[in-house]
Structure formats: C-alpha cells, structure tokens
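Have a look at the structure below before the remarks.
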Amino acid sequence: MARIITYPIDSQVTGGDKVIGTDSQTSFTKNFSVSDIVDYINISSSVDSQTLRYRFQVLTVAKPDLEKGTISFDPPVGDTYPFDSVSDFVISDYSLKYVSQGKLTDISSFYNSLIGSRVLITNTKDISEFGVYDWDSSSPYKPTPNYHNIGLTKIYGAGSLKKDEEYFISLLSWNSSVIGGDKTFVFTQGTPLPQWDIVHNLNKFPSVSVVNSFKEEVFGKVDYINKNRVTVTFAAPFSGQAYCN
C-alpha cells in the first residue's frame, strides 16, 4: 500500500481537485474539493473578516419566510430583478459570514450608520452586474424581526440580481455627519400612502420637507410623535421622499 508521502505534487491546482481531511462533525476522513473550500472561505469571510455578503432570496406565496443572510424585496419580484429598478430592499441583520460561522452577530447598527452614504452592490462572481446607490434610510422591517428595510436612490445600475446568487455591499463614500454635526435623514416612501410614518432616529425635532416621485415639493401636516419619529399626513396618497434636517 502506497504511503501518502509518495504521491506526486500537483502544482496546477484546479477547482475540481480534491484534498483529504477530517469532517469536524463525524471525525470521518473525507475528500474536499478545492472549489468548495474556496466557497467556504468566501462565504465565511475567513480572510476578509468584514465582508458584507448576502444571498438574493426570492419570496413567493409558498415560501414567505425570510432567511438569514439574505437580501429580498417586499412586495416580491421575479427570479431576476434589474439593478436599475432597485429603490429599496429588505436585508437580514446578519451577513452570510455570521450565518456560516454560527455566530449570529447583529450588524444592523451599521445599516443606520450608512444613511447618507453611497454604496456599491455587486455580484460576487461577476462584477459587471452591479448597482450604485445612495443609502437613504434604514428602519426595522415590521413584518419580521431581525431584518431591516433599506431605502435607496439609484445612481446607476447594470445587469440584474439573480435568484440564490450572492452579492457584496461596499462603501463608496461615507456621510461623516453620522459621527457629529447636524445630522440629516432621507426617508423613501415606495408605496403611495396618505400618511407617512417616518422613524428618523435623529434624537431631535427636525424640519421636514417632502417631494413626490417627480421631485416636486409636496406639503403635508407634520406631527412629531417624539424626537425620533414623525408622521406626515397628505390630502391624497403618493410616493416619494422626505428630508429630515
């Protein structure tokens, strides 16, 4: 029987090559493909420990439950969704890194700190599929705990998000007002409503100005619920954005 030390060295490594190792759950000796090892390193962020990586989950009537480590849309969209059409999404409070490692660290406070910043969202395997957005708002997703609804303004989009593929979120420019100075908040109302409920978390009673989807100013009745929440009531339902300063 040949010893393992007599095996020739392969200097041309490919994804389909196998290595021998021990399964941590069963202690059995198994073969592991190089491509599977690479996927684990990428998903778990074992090298780049701060990677914001998520899988695009398509919601359906048959499977309404949100999965950890995902980005999805409410209302649901198809198996592909153009980056050019994205104006908001629902994101898990846990990136795939923490899901794969079993360490459910809540990173939603970081979503709040991105408000007013510009981000890049890219397909992990095809950088030509991407979108650039202003990160306008972050608020708890009311139907399900441990998820946030993110409001965005599209700058540019190319290609589409695809079902079950994975995506990076990268910071392009940061709004420094999140650490001091006069804070601002941009709220995006995607569904036309006659009353907007705005959780801005500015810890003050801000001035509020509103525009519709055509960027035309609209006036409404502003009620300050507390230092972190206001409602704005209008004569008719519409969608648009509210700027809290």
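Quick check on the range 50-178: of the DSSP beta bridges with both residues there, what percent are antiparallel, nearest 5%?
95 percent
Counting only helical runs of four or more DSSP H residues, what would the 222 nm mean residue ellipticity of the chain come to if each run contributes -39,500 (n - 2.57) and the total is spread over all its residues?
The helix-only estimate for the chain comes to -2500 deg cm²/dmol at 222 nm.
Which pairs, out of Lys142/Lys204; Lys125/Lys162; Lys154/Lys215, put more than 19 Å between their alpha-carbon atoms?
As for pairs spanning more than 19 Å Cα to Cα, those are Lys142/Lys204.
Could you work out the equivalent-ellipsoid semi-axes for the range 50-178, taking the square root of 5 times each eigenvalue of the Cα gyration tensor, largest first, in whole Å?
19, 18, 15
Any number yet on Rg/Rh for the range 182-245, C-alpha, Kirkwood?
0.93
If you fit an axis through the alpha-carbon atoms of helix 34-44 and take the longest principal axis of the Cα set of the chain, what angle between them do you get, 0 to 90°, nearest 10?
30 degrees
Simple spin-label model, 7 Å along Cα-to-Cβ: Asn201 to Lys103 in nm?
It is 2.2 nm.
Under a crude label model (7 Å from the Cα following the beta-carbon direction), how far is Phe110 from Ala236 in nanometres?
4.4 nm
Suppose each label sits 7 Å from its Cα in the direction of the beta carbon; what would the Arg229-Glu216 distance come out to in nanometres?
Those two pseudo-labels are separated by 3.2 nm.
Contour minus end-to-end for Ser173 and Ser11, with contour as 0.36 nm per residue of separation and end-to-end as the Cα-Cα distance?
Taking Ser173 through Ser11 to full extension adds about 54.2 nm, to one decimal.
Need the full-extension length gain, Asp23 to Ser209, defined as separation in residues times 0.36 nm minus the C-alpha distance. One decimal, nm.
Once the chain is fully extended between Asp23 and Ser209, it gains 61.1 nm.
Work out how far the C-alpha atoms of the chain reach from end to end along every principal axis, then list the three figures in whole Å, largest first.
84, 35, 33
Can you give me the Cα centroid spacing of the range 133-156 and the range 70-93 in angstrom?
10 Å
Rule-based calculations on the coordinates, nothing more; no lab input. Predicted, not measured: the structure shown is a model, and the values here were computed from it. With ideal geometry, Cβ positions are generated from the backbone for all residues, glycine too; neighbour counts draw on all protein chains shown.
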